Amino acid sequence: MSQTHLETPEDLLRFQLRTAMTMEEDSLAALGELAEAAKSADIKKLFTHHAEETREQIANLQQVFKLLEVPESTAASPSTKGIGKQAEALIARTAPELRDQVTLSAALGNEHYEMAAYEALILPVQVLGATDALALLKANAEQEIHTSQELSNRLKQLLGA
């Protein structure tokens, strides 16, 4: 489903939903790379756990497509591609002893983008009154907020703050 011109709020919602799917798929791929780059076992475990949550979020988005009667597809997400490229570039130039800090920071930036993306989806779905779809999107947003807090806390711990 290609949509090059958005003319209605519904068009925008469908497009944002499609980019959210791409965002989560990109995040899932990035989490594997971050886990591989991290040095400490507990940070690797944190990324592995978040990958499991991301798979749940993808399943929730698939359900939202069905509930809103929108054909499931994806759309380009230049933001997540850019966040991923930034993380790759930082990891490539970072000394091994800084890898945990870099991977946590990169993941934290991605979480904040995801939180904003879900907020942008939640508001129009709420206006539509699609309560089941709204509950799934809110569940995803809450997981993103929780993960952001976990990453931030672990980063603070790592830095001795």
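What follows is calculated from the coordinates using simple rules that are stated; it is not laboratory data. In this text, all values refer to a predicted model and were calculated from it rather than measured experimentally. Cβ sites come from the backbone with ideal geometry, for glycine too, and all protein chains shown count toward neighbours.
The table for this structure:
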| item | result |
| --- | --- |
| Test set (1) of a type in the set (D, E, K, R); (2) in contact (Cβ under 8 Å) with a residue 24 or more places away in the chain; (3) surrounded by fewer than 17 Cβ atoms within 10 Å (Cβ to Cβ) - Lys66 fails condition number | (2) |
| Region 82-121, residues that are under 17 Å from Thr19 (Cα atoms), small (Gly, Ala, Ser) and in contact (Cβ under 8 Å) with a residue 12 or more places away in the chain | Gly84, Ala117, Ala120 |
| Residues (in contact with a helix residue (DSSP H, G or I) (Cβ under 9 Å, 6 or more places away or on another chain), surrounded by fewer than 15 Cβ atoms within 10 Å (Cβ to Cβ) and not hydrophobic (A, V, I, L, M, F, W, C)) located in region 114-130 | Glu119, Gln126 |
| Positions within region 12-57 being β-branched (Val, Ile, Thr) and crowded, with 18+ Cβ neighbours inside 10 Å, in sequence order | Thr19, Thr22, Ile43, Thr54 |
| Failed item in (1) part of a helix (DSSP H, G or I); (2) surrounded by 14 or more Cβ atoms within 10 Å (Cβ to Cβ), with Ala75 passing the rest | (1) |
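Conditions tested, residue by residue: (1) in a helix (DSSP H, G or I); (2) aliphatic (A, V, I, L, M); (3) over 19 Å from the mean Cα position of the chain (by Cα); (4) farther than 28 Å from Thr103 by Cβ.
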position	(1), (2), (3), (4)
Arg14	yes, no, no, yes
Thr19	yes, no, no, no
Glu24	yes, no, no, no
Leu34	yes, yes, no, no
Asp42	yes, no, yes, no
His50	yes, no, no, no
Ala59	yes, yes, no, no
